[in-house]
Amino acid sequence: MPDKTAKKCVVLGVTGGIAAYKACEILRLLQKRGMDVFVVMTKNATRFVAPLTFETLSGHPVAVDTFERPATWEVEHIALAKRADLFLIAPATANIIAKMACGIADDMLSTTVLATRAPVMIAPAMNTGMWENPATQDNLRTLMARGVQVVAPASGHLACGDSGAGKLEDVALIAQRAAEALEGFGKRDMEGLRVMVTAGPTREPLDPVRYISNRSSGKMGYAIARAAAKRGAQVTLLSGPVALQKPEGVDLVPILTTQELLERAGERIDAQDVLIQAAAPADYRAKEIAPQKIKKQGGAGMTLELVENPDVAAALGARKQRHQVFVGFAAETNDVQAHARDKLARKNLDMIVANDVTKPGAGFDVDTNIVTLMTRESSLALELMSKDEVAQRILDRVLELRRTCTGTHSIPGKNDP
């Protein structure tokens, strides 16, 4: 096995679509970035581009047939799966996306990608109807929930004569996304940082049985906590009631009500370097909690008197220290930018993650998100991506903000007055 410290290795999967010829340019752009590229093709892909083309460009044999005798005594699909630092499939047809979602391994490419432990990225390309088909979209959501990164197709005139979404994204952008994935995978750039993340809903009791809550699943906050821990941070996760597993290497602190969230966060905030508030605390609670289960009143209506809960983000923002970076979330249904900017200033935040929860693929109960990262000076709109990817982008921006306010991202006592 070659020394992987010399060059990063990309295994490039090529499937049978008209955009297969563009994979040649992707290969070339990856090589220009100093990457070693090995190609795996489906048999249908060889009808569009000959394997010899990729062999000449890459300098390596191209894998097509699972049962072809390899040049060396290795099980070839396993060897390639282990060799990869990144597994990129471009173009990715609806067929390979469906196989990956279902765990089908019936050719060299599907077998190899199933065996790899490397991060996986796909760049879909297909007819608009196929791209928009609910089956394809369900398969994509399944893959993104597993951490597969998706470079969504562009819209334009397609080879079949249709116009719409499904055109392979610009090859330069695909190569850029691959480079970013390689750069980010396995990095430990948050070592020494103490990060507190809040996640999930709160529950405000009405009686011993019922409560007021919201649709927050906690998936975004858990993704951030998981990503920060993998990048070396010491992570405290304050979580409302969710149906998610505790992220590895994270100190989990369960909370139930908004008041409890404020208390637990307040006890820990001074020791943190970064606070990321992805929780969705209830804005109101019952003025009085019934001691017994409330019964129906023979068809009569019922009036609940509610009082405002404390504003957790504002209360913590008032205690913000010079070296700390505070991030909030604005899950809105209208006037998203205006509401987010108001919260950014009013709650003393360094950045706010704004999203329109009415958009398909964004907001509650899904594994993807569409967000805009907003600071006082800038605004960065991100495309549809998995919440794991969004988490990485948020943490990248947090580190940039840390460098701005402290000149470093190390433990504050070493650098701050």
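The values are calculated or read from the model by the stated rules, or taken from the named source; none is laboratory data. This is a predicted model, so every value here is computed, not measured. Here the Cβ is made from the backbone with ideal geometry for all residues, glycine too, and neighbour counts use every protein chain on show. Accessible surface is based on the protein model in full, side chains and every heavy atom, while ligands, DNA and RNA are left aside. Shrake-Rupley method; radii C 1.70, N 1.55, O 1.52, S 1.80 Å.
Tabulated results
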{"quantity": "Region 341-356, subset touching a strand residue (DSSP E or B) at 6+ places or on another chain (Cβ under 9 Å) and aliphatic (A, V, I, L, M), residue farthest from L384 (Cα to Cα)", "calculated": "L349"}
{"quantity": "Residues (under 24 Å from the mean Cα position of the chain (by Cα) and within 19 Å of V195 (Cα to Cα)) located in region 325-360", "calculated": "V325, F326, V327, G328, F329, L349, D350, M351, I352, V353"}
{"quantity": "Residue check, I352 of a type in the set (V, I, T), surrounded by 17 or more Cβ atoms within 10 Å (Cβ to Cβ) and in a helix (DSSP H, G or I)", "calculated": "no"}
{"quantity": "Matching entry among A313, A286 (being in contact (Cβ under 8 Å) with a residue 40 or more places away in the chain and either surrounded by fewer than 19 Cβ atoms within 10 Å (Cβ to Cβ) or closer than 29 Å to M190 by Cβ (or both))", "calculated": "A286"}
{"quantity": "Pick from region 77-126, criterion of a type in the set (S, T, N, Q) and not in a loop (DSSP other than H, G, I, E, B), ranking: most open to solvent (accessible area, probe 1.4 Å)", "calculated": "N95"}
{"quantity": "Members of region 191-248 found to be among the basic types (K, R) and open to solvent by less than 10 Å² (accessible area, probe 1.4 Å), listed by number", "calculated": "R231"}
{"quantity": "Region 364-380, residues that are under 16 Å from H339 (Cβ atoms) and open to solvent by 70 Å² or more (accessible area, probe 1.4 Å)", "calculated": "R376"}
{"quantity": "The one condition in (1) more than 16 Å from K219 (Cβ to Cβ); (2) open to solvent by less than 20 Å² (accessible area, probe 1.4 Å); (3) at pLDDT below 90 that K387 fails to fulfil", "calculated": "(1)"}
{"quantity": "Failed criterion for H339 (all others in (1) out of contact with any Asp or Glu (no Cβ under 6 Å at 6 or more places or on another chain); (2) open to solvent by 60 Å² or more (accessible area, probe 1.4 Å) hold)", "calculated": "(1)"}
{"quantity": "Positions within region 127-154 being among the hydrophobic types (A, V, I, L, M, F, W, C), in contact with a helix residue (DSSP H, G or I) (Cβ under 8 Å, 6 or more places away or on another chain) and open to solvent by 20 Å² or more (accessible area, probe 1.4 Å), in sequence order", "calculated": "M130, W131, A135"}
{"quantity": "Which numbered condition R403 fails, given (1) farther than 30 Å from L140 by Cα; (2) in contact with a Ser or Thr (Cβ under 9 Å, 6 or more places away or on another chain); (3) at pLDDT below 95; (4) surrounded by fewer than 18 Cβ atoms within 10 Å (Cβ to Cβ)", "calculated": "(2)"}
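Residues checked against (1) over 21 Å from A331 (Cβ atoms); (2) of a type in the set (G, A, S); (3) part of a strand (DSSP E or B):
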site	(1), (2), (3)
E169	yes, no, no
A175	yes, yes, no
E183	yes, no, no
K187	yes, no, no
T198	no, no, yes
D207	yes, no, no
N214	no, no, no
S217	no, yes, no
